[in-house]
2 protein chains.
Amino acid sequence: MIDEILTLIESKEFVKLRSTLSDLNAPDIALILEEIPQEYILRIFRLLPKELAAEVFVEMEPETQEHLIGIFSDIELREMLDEIFVDDTVDIIEEMPANVVKRILRQSDPETRSQINKILNYPKDSAGSIMTIEYVDLKADMTVGQAFDRIRKTGVDKETIYTCYVTDSNRHLIGITTVKELLLCNPEEKIGDIMETNVIFVDTFDDKENVAILFDKYDFLAMPVVDKETRLVGIITFDDVIDVIQEEHTVDIEKMAAILPSEKPYLKTSSLEIFKNRIPWLLLLMLSSTFTGKIIGSFENTLSACVALTAFIPMLMGTGGNSGGQASVTIIRGLSLNEIGMKDILKILKKEFFVSLFCGAVLAITNFAKMMLIDQSIIVASGQDPVLVSFVVSLTLLATVVCAKLVGCSLPILVKRLGFDPAVMASPFVTTIVDAISLLIYFEIAMSFLKF
Amino acid sequence: MIDEILTLIESKEFVKLRSTLSDLNAPDIALILEEIPQEYILRIFRLLPKELAAEVFVEMEPETQEHLIGIFSDIELREMLDEIFVDDTVDIIEEMPANVVKRILRQSDPETRSQINKILNYPKDSAGSIMTIEYVDLKADMTVGQAFDRIRKTGVDKETIYTCYVTDSNRHLIGITTVKELLLCNPEEKIGDIMETNVIFVDTFDDKENVAILFDKYDFLAMPVVDKETRLVGIITFDDVIDVIQEEHTVDIEKMAAILPSEKPYLKTSSLEIFKNRIPWLLLLMLSSTFTGKIIGSFENTLSACVALTAFIPMLMGTGGNSGGQASVTIIRGLSLNEIGMKDILKILKKEFFVSLFCGAVLAITNFAKMMLIDQSIIVASGQDPVLVSFVVSLTLLATVVCAKLVGCSLPILVKRLGFDPAVMASPFVTTIVDAISLLIYFEIAMSFLKF
């Protein structure tokens, strides 16, 4: 495809090029433009019908957008901005350096400019920061026929026309209706009589994650956003919500892996930034393992009497960490899907207790068999009875798995109760706690069963 | 709210109850019905307008659905099924025991029954298994006016009317158009002249995860599904795609935490099932840590000469595991968002190398300082020089972090290249490999610097 387009440019077959491009979808054209030499981009761009050009522009990488804005004439930039929805303009602005932002604002019409500034001022992660202002508003005393006239007149510039918002003279949101309902109604009927008045809406300052949960629950196409006086100020459409969901997933996964969340794709993030996102938790977790070191240090006599015991520390700590991680990750996901609440803690503890007994028993028996078959020589070299040491390690394993699962499942709920984000309490943190517990159990059991 | 409804039932104020309920959204009514005594559910259900009742039914928990189906009369069940979209009926059927499924199929009309059977036969996770058949189809020779007549006549039963599909006489998909476009066109225009012919579609056997990626890319409201002969057989709507995205995310997180994916919410899964999902990886990882045990066993002489070295094994292994986990999780997420590909491997290795040097250096220096301040006594008790041991541990830390990050970032890409799912290669597996490497480095460095 790219080769075909380059050939068409070089042979100056612009009519054919234009028709080839017009058949493509905007995201695909944007991908092609990322791959061709920069000097051709503007030429191709000027061939596209205006509306398609704007759609393509929105889909491009920030670097290419910046390059294009730099070589656009003022008129070209203004025409482009006229075609772009305000929420997309805001997204673009957020990636641009200050001088480009100034140029974009200068070329927007005054009303749009003030809207952009308002949206830019909403807190990051708020509903206001992702909304757009291109919605269809109707009045309750319009007829269905008049509503269609209004949609036909203004609809072309709206991000969605399928959900229409009914406002009173003070712009308070009093109802919603859909094009489907309008199509099935008599043209003489009043909007006020057919509109749905039990409207679900969000406040500009609501968390965008909350917006995603409401979308998922109610299967909306678009969600109205109101200010403190319930005046309609914008809408959020489902495509932006899919982006929010994907972004939240990335953040959740990063937190679970003890990384500070970052907004940029990996390949666009500098090594220094990646370093800054990763080092805080690494440092904290490293320092917190001082405890495990201290525990081992204080049992130095036990260990020097039976060095073989050391050989099983990694297995015990690893299995404990994995067991605890499984429980904590399951609970964290359940919390974030609202499937699990504080009220379920007893049910969860009971469930995890049984699960950990089953898992611990299977692991302990397998481990006992494995040690008797494979590890006899290490143990005998330490001057201990293989059966007794295998028993000590296996019993520790069982106790560790039970503790790990109980800590792993209860810590996230506790943390959420305290008002923090449970995702940061996942595997690494649980692991550190479980490590310390498993070592204490190990040495206690070893000292009661083994003779030194 | 629940109290209010219970009072209304008990005082038999059914008119008021009906109007209270009709003001609510289906998902909220479903939540209320889960909370009230079972004997009232059917009574409330019969008060609801038919369409709303069907929407509420779809949102309810499988247990409540089964209970209701059991007490519905045949006529009630048939009327309800008439109102439910086929994809939702399929979702319900998948949760029901065989006798209930038989009853549902018996009460569906023959055409719907054959459609349900077809959808049930598509492989799990395929596009066909989540599609629905209630879409608006138009013909190319219709006028816009005729298209609206058709939408008005059939639209009430369609899952979406906003995207309309144009098919030829053999049901081949030849174009799409939207209600927005239709509204902005002259009623005399032909559908064939205004339809978009470059249609993005999926095959019934395509992976549903792939459908989600296409939705995210093109911001569709609905995606047409075709069979092997490109005949239109159904559509997938955006609300189902949000469910797919959430489900895939849960599966990804479970895999990263070494859990076999499960479909059911945590609280609905029995302890035995949870055990079955968790034990395989726990066993595998426990047995694989035999290697680390062997490594420690083979350096038993080194350790018994300086037991203090044991005290730092958990810290080294923990930090190595966390460092590798950070890298692998970042890369896995990038792979699943299509931000990273096989071709980026050199760029990634270079980036991770620098990141790991920075992280390793900071951690090593901090650790050196910490050991000199806090751990002197343990080391001296072992008869070693604190400066030298701190140096050995810190140098090992640096080397471990570099190895961990390089293993962590390259393993997922390698695994994907081999055709497996990179998510299963995340933290726990990386940890096991990194554990072994870090121990080998530790003992090598210790033996070259320390005198025994």
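With respect to the stated conditions, residue A:353 fails to be touching a residue at least 60 places away in the same chain (Cβ under 8 Å), part of a helix (DSSP H, G or I) and surrounded by fewer than 20 Cβ atoms within 10 Å (Cβ to Cβ).
Taking the range A:297-308 as the range and being touching a residue at least 60 places away in the same chain (Cβ under 8 Å), touching a helix residue (DSSP H, G or I) at 6+ places or on another chain (Cβ under 6 Å) and not β-branched (Val, Ile, Thr) as the test, the residues that pass are A:299, A:308. If the condition is being more than 7 Å from chain B (Cβ to nearest Cβ) and more than 25 Å from residue A:326 (Cα to Cα), then the range A:241-250 contributes A:241, A:243, A:244. Scan the range A:198-207 and tell me whether some residue there is within 8 Å of chain B (Cβ to nearest Cβ) and at pLDDT 90 or above. Scanning the range A:198-207 turns up at least one residue that is within 8 Å of chain B (Cβ to nearest Cβ) and at pLDDT 90 or above.
The residue list A:272, A:282, A:260, A:287 contains one member that is part of a helix (DSSP H, G or I), under 27 Å from residue B:393 (Cα atoms), of a type in the set (A, V, I, L, M) and more than 7 Å from chain B (Cβ to nearest Cβ), which is A:272.
Looking at residue A:253, is it aliphatic (A, V, I, L, M), at pLDDT below 90, over 16 Å from residue A:125 (Cβ atoms) and not in a loop (DSSP other than H, G, I, E, B)? For residue A:253, the condition - aliphatic (A, V, I, L, M), at pLDDT below 90, over 16 Å from residue A:125 (Cβ atoms) and not in a loop (DSSP other than H, G, I, E, B) - is met. Tell me, yes or no, whether the range A:358-372 has at least one residue that is in contact (Cβ under 8 Å) with a residue 60 or more places away in the chain, part of a helix (DSSP H, G or I) and either over 30 Å from residue A:210 (Cβ atoms) or assigned by TED's automatic domain parsing to the domain that holds residue A:429 (or both). Within the range A:358-372, not a single residue is in contact (Cβ under 8 Å) with a residue 60 or more places away in the chain, part of a helix (DSSP H, G or I) and either over 30 Å from residue A:210 (Cβ atoms) or assigned by TED's automatic domain parsing to the domain that holds residue A:429 (or both). What number of residues in the range B:10-40 are more than 13 Å from chain A (Cβ to nearest Cβ), exposed (fewer than 14 other Cβ atoms within 10 Å of the Cβ) and either of a type in the set (Val, Ile, Thr) or under 16 Å from residue B:51 (Cβ atoms) (or both)? Matching residues across the range B:10-40 total 1.
Quick one: in the range A:374-420, which of the residues that are of a type in the set (D, E, K, R) and assigned to a loop (DSSP other than H, G, I, E, B) is nearest to residue A:446 (Cα to Cα)? Let's see the steps before the verdict.
From the range A:374-420, those of a type in the set (D, E, K, R) are A:375, A:385, A:405, A:416-417; that's our starting set.
With the extra rule that they be assigned to a loop (DSSP other than H, G, I, E, B), the set shrinks to A:375, A:385.
Working: A:375: 17, A:385: 12 Å.
Among residues in the range A:374-420 that are of a type in the set (D, E, K, R) and assigned to a loop (DSSP other than H, G, I, E, B), the one nearest to residue A:446 (Cα to Cα) is A:385.
Let's see how each residue does on (1) surrounded by fewer than 21 Cβ atoms within 10 Å (Cβ to Cβ); (2) under 30 Å from residue A:261 (Cα atoms):
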| position | (1), (2) |
| --- | --- |
| A:357 | yes, no |
| A:362 | yes, no |
| A:366 | yes, no |
| A:374 | yes, no |
| A:386 | yes, no |
| A:394 | no, no |
| A:404 | no, yes |
| A:409 | no, yes |
| A:438 | no, no |
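Do we have residue A:293 as crowded, with 20+ Cβ neighbours inside 10 Å and more than 9 Å from chain B (Cβ to nearest Cβ) here? Write out each step before concluding.
On the way: crowded, with 20+ Cβ neighbours inside 10 Å: yes; more than 9 Å from chain B (Cβ to nearest Cβ): no.
Against the criterion (crowded, with 20+ Cβ neighbours inside 10 Å and more than 9 Å from chain B (Cβ to nearest Cβ)), residue A:293 does not qualify.
In this entry, residue B:253 passes the filter for residues that are free of Cβ contacts under 8 Å to residues at least 12 places away in the same chain and within 7 Å of chain A (Cβ to nearest Cβ). Quick check on residue B:300: is it of a type in the set (Asp, Glu), within 29 Å of residue A:366 (Cβ to Cβ) and facing chain A (nearest Cβ under 7 Å)? Considered against the rule, which asks whether it is of a type in the set (Asp, Glu), within 29 Å of residue A:366 (Cβ to Cβ) and facing chain A (nearest Cβ under 7 Å), residue B:300 comes out as yes.
Residue A:341 falls short on exactly one of the conditions (1) modelled with pLDDT under 90; (2) in contact with an Asp or Glu (Cβ under 6 Å, 6 or more places away or on another chain), and that condition is (2). Taking the range B:1-35, which residues are β-branched (Val, Ile, Thr) and under 31 Å from the mean Cα position of the chain (by Cα)? Selection gives B:29, B:32.
Criterion applied to A:332, A:345, A:340 was being aliphatic (A, V, I, L, M), touching a residue at least 24 places away in the same chain (Cβ under 8 Å), in the same structural domain as residue A:429 (by TED's automatic domain parsing) and not in a helix (DSSP H, G or I), and the one residue passing it is A:340. Among the residues of the range A:405-452, write down those that are without any contact (Cβ under 8 Å) to a residue 12 or more places away in the chain and among the charged types (D, E, K, R). A:444, A:451 - these are the residues of the range A:405-452 that are without any contact (Cβ under 8 Å) to a residue 12 or more places away in the chain and among the charged types (D, E, K, R).
Restricting attention to the range B:1-36, and to residues there that are part of a loop (DSSP other than H, G, I, E, B) and without any contact (Cβ under 8 Å) to a residue 24 or more places away in the chain, which single residue is nearest to residue B:60 (Cα to Cα)? If you could, list the steps in order and put the result at the bottom.
The first filter runs over the range B:1-36 and keeps only residues part of a loop (DSSP other than H, G, I, E, B), leaving B:1, B:11-13, B:23-25, B:36.
With without any contact (Cβ under 8 Å) to a residue 24 or more places away in the chain added as a condition, the list becomes B:11-13, B:23-25.
On the way: B:11: 26, B:12: 24, B:13: 24, B:23: 18, B:24: 15, B:25: 13 Å.
Checking each candidate, the answer is B:25.
Applying the condition of being buried (at least 16 other Cβ atoms within 10 Å of the Cβ) and more than 14 Å from chain B (Cβ to nearest Cβ) to the range A:158-170 and asking which residue is farthest from residue B:184 (Cα to Cα) yields A:167. Taking the range A:98-140, which residues are among the hydroxyl-bearing types (Ser, Thr, Tyr) and surrounded by fewer than 16 Cβ atoms within 10 Å (Cβ to Cβ)? Correct list: A:114 only. In the set A:232, A:267, only one residue is farther than 13 Å from residue A:125 by Cβ and in a helix (DSSP H, G or I); that residue is A:267. The residue that is farthest from residue B:374 (Cα to Cα), counting only those in the range B:309-318 that are facing chain A (nearest Cβ under 8 Å) and touching a residue at least 24 places away in the same chain (Cβ under 8 Å), is B:317.
The values are calculated or read from the model by the stated rules, or taken from the named source; none is laboratory data. Note that this is a predicted model, so its numbers are computed, not measured. A quick note on method: Cβ atoms are made from the backbone with ideal geometry, for glycine too, and the neighbour counts reach across all protein chains shown.
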